[in-house]
1. Tell me which lysines have Cα within less than 24 Å of residue 277's Cα, excluding those fewer than 8 residues away on the same chain?
2. As an exercise, use a Förster radius of 41 Å and the Cβ-Cβ distance of residue 129 and residue 204 to find the FRET efficiency, rounded to the nearest 0.05.
3. Subtracting the Cα-Cα distance from 0.36 nm times the residue separation, let me have the gained length for residue 304 to residue 266 in nm, one decimal.
4. Given the peptides 209-218, 101-110, arrange them by the average over their residues of other C-beta atoms within 10 Å, most packed first.
5. Using a 1.4 angstrom probe and counting only protein chains, how large is the accessible area of residue 221 in Å², to 10?
6. Protein chains only, probe 1.4 Å: how do 205, 164, 297, 4 rank by accessible area, largest first?
7. According to the square roots a ≥ b ≥ c of the eigenvalues of the Cα gyration tensor, what is the shape class of the range 182-311, taking rounded for a/c under 1.5, prolate for a/b larger than b/c otherwise, and oblate for the remainder?
8. Once you place label points 7 Å from the Cα toward the Cβ at residue 179 and residue 348, how far apart are they in nm?
Amino acid sequence: MFGYRVPAPDQAMLISGGRRGQGGAPFRVVTGHGKFVLPVFRKVRFLTLAMCEAEVAETCVTRQGISLTVRAVIAFKVGNDTESVVNAGQRFLSDQDQMSVLTGRIFAGHLRSIIGSMTVEEIVTERQKLATEVLETSKTEMAKIGLIVDSLQIQSIDDGDTGYIEAMSAPHKAAIQRQAQIAQAQATQAAVEAQQEAARNQAEYNRQTAVVQAEYSAEVDRAQARAAQAGPLAQAHAQQEVLAAQTELAERRARLRQQELVAEVVKPAEAEAERIKLLATAEAERMKIQAEAAASYDRVALDRMLIDQLPQIVKEASAGLSNANVNVLNGTDGLGEIAAGLVGQGLTILDSVRRNLGTPDNQSPTKSSTTSTSTPTPNSPSNPNPSGRVEIE
């Protein structure tokens, strides 16, 4: 629309003409919205609110008298408040590039001041402290011109050809190099140990692989050997079974032959032997009976002969008494006793003949009869001679 002006988001619109702005400023500040501006009676200018930067390369002398070249970058902008916009607009509206130049000069002065109160070691090791002190000392001065500093970065510190910073860093470099060498040695040692461990693991793996392969080969060999022996073993077992069957058949045949021999030879022989034994027993019994019969017949004949000869024996015995001087003490009884004694002597002679001929005494009927006709005892009443003595001279 004609006469309506709107500032950009990073701009402040300054309207001059008409009534004054805040705090007696010669212009009014409009930010973030538009406004109607009379074309002829009002004048509009724009002030940037964007971020700006300024570079500083300043040679400074430290408290030790060593010259250092410090390079820094300052990031700044116009403040967002109306007072800052008014202060910046009054100073930089016609030439806004002067903000960077002026900011660099301001910070260069503060850098020289602060570095002059510090040593090289402090500057090198405490760069953030240096930046903070520069910002604090320049804050008030920058606010007066409507600027605010967002950051200050120390880019480099150079001592030129003096070599102070390098000498200062030599011990640290040596320590770092030593640590680097130690770390390198440790890394090398770790690498060697890792290689050795890997070699041991590889050797162990190879050994286990070789063992497994050997066991597998042995198992294969055993299986092949068993397979190779299976045929001969089966044949041997078959032959062994055949031999066992043949042996059993031979044993059966031998038992059968033995039974046949027993039936054909032994049993008939035993029967024949038993028959012969029975025949021999019968023959022996027959001969015994015949011998007993013959012996009995001989005894009867002998007894008969002795009985027949007994009178002659007694006669011969009595003939010996014919010339003897016999005194008979008891008369007829004594004579009878003498006769009885002669008869007893004859019987004794008969018994002797029988024993010499093998005839048992208990089988002689004559002895029993002779014993029954023994001489009367002296106490007999028929014996008139109690003493029973017969004297023969």
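The values are calculated or read from the model by the stated rules, or taken from the named source; none is laboratory data. Fair warning: this is a prediction, and the values are worked out from it, not measured in the lab. Virtual Cβ from ideal backbone geometry, glycine too; neighbours counted across all protein chains shown. The accessibility values were calculated without ligands, DNA or RNA, using every heavy atom of the protein model including side chains. Shrake-Rupley method; radii C 1.70, N 1.55, O 1.52, S 1.80 Å.
1. Counting by Cα, and skipping residues close in sequence, residue 277 has these lysines nearby: 267, 288.
2. Taking R0 as 41 Å, the efficiency between residue 129 and residue 204 is 0.10.
3. 8.2 nm
4. Packing order, densest peptide first, comes out as 101-110, 209-218.
5. In the full protein context, residue 221 sits at about 90 Å².
6. Ranking 205, 164, 297, 4 by accessible area, largest first, yields 297, 205, 4, 164.
7. The shape class here is oblate.
8. 16.4 nm
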